[in-house]
Amino acid sequence: MSKDDIPNHLTAASVEPRVGTTAYPPQYRALCAGRRKRALGNVFGLSEFGVNHTVLDPGAASAQRHWHSGEDEFVYVISGTLTLVDDDGEKVLQAGDCAGFPAGRENGHMLINKSDGPAIYLEIGSRHAEDEVAYPDIDLHGKKIDGDYVFTRKDGSPST
């Protein structure tokens, strides 16, 4: 896509969502099955940070509980109710609430929709060439290699 083909505005709903997709090994994917992400930052050709318009269906989670060594994350709730789970416990987030996770802060976090309706939020994060992801609750470690995350067990052996 050339720079001339990149839009400068659009309606988020016009972007095709990625439904239930994740790069996790198969045994860790089910948690995100009810997640729909629209990669808005990609549509605009943003390279310094990503922006996702994300919908979580009831019972779905944003990700496995994790933290990044090299990337900041910020979430802003647009509608619905989400439960933020981190090292401090659980906190209910509603429309207008936000949360931030600076790179290198060892606070495993995730969002879960424990309500009976969908919840929508914006997810904004930096896009650094080097990043590692720690997962405190499961035997998983992620490392960004050539722009994609490669997953292993915490001891470095393959995660299949």
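The values are calculated or read from the model by the stated rules, or taken from the named source; none is laboratory data. Remember, predicted model here, so these are calculated numbers, not experimental data. A quick note on method: Cβ atoms are made from the backbone with ideal geometry, for glycine too, and the neighbour counts reach across all protein chains shown.
When each of Glu71, Glu123 is tested for being part of a strand (DSSP E or B), in contact with a Ser or Thr (Cβ under 9 Å, 6 or more places away or on another chain) and touching a residue at least 24 places away in the same chain (Cβ under 8 Å), the lone residue that passes is Glu123. Looking only at residues in the range 13-25 that are under 13 Å from the mean Cα position of the chain (by Cα) and under 19 Å from Lys143 (Cβ atoms), the one that is surrounded by the fewest Cβ atoms within 10 Å (Cβ to Cβ) is Ala23. Can you tell me which residues in the range 93-104 are closer than 19 Å to Gly70 by Cβ and loosely packed, with under 14 Cβ neighbours inside 10 Å? Correct list: Gly100, Pro102, Gly104. Considering only residues that are over 24 Å from Gly142 (Cα atoms) and more than 14 Å from the chain's Cα centre (by Cα), which ones fall in the range 51-81? Matches in the range 51-81: Asp57, Pro58, Gly59, Ile78, Ser79, Gly80, Thr81.
Examine the range 93-107 for a residue that is under 19 Å from Gly20 (Cα atoms) and either over 13 Å from the mean Cα position of the chain (by Cα) or assigned to a loop (DSSP other than H, G, I, E, B) (or both), and state whether such a residue exists. No, the range 93-107 contains no residue that is under 19 Å from Gly20 (Cα atoms) and either over 13 Å from the mean Cα position of the chain (by Cα) or assigned to a loop (DSSP other than H, G, I, E, B) (or both).
Inclusion of Val133 among residues that are touching a Cys at 6+ places or on another chain (Cβ under 9 Å), among the β-branched types (Val, Ile, Thr), within 18 Å of Lys37 (Cβ to Cβ) and modelled with pLDDT of 95 or more is not warranted. In the range 74-92, the qualifying residues are those that are among the hydrophobic types (A, V, I, L, M, F, W, C) and either under 27 Å from His128 (Cα atoms) or in contact (Cβ under 8 Å) with a residue 24 or more places away in the chain (or both), and the one that is surrounded by the most Cβ atoms within 10 Å (Cβ to Cβ) is Leu82.
Scanning the range 26-36 turns up one or more residues that are free of Cβ contacts under 8 Å to residues at least 24 places away in the same chain, touching a Ser or Thr at 6+ places or on another chain (Cβ under 9 Å), closer than 25 Å to Leu140 by Cβ and surrounded by 18 or more Cβ atoms within 10 Å (Cβ to Cβ).
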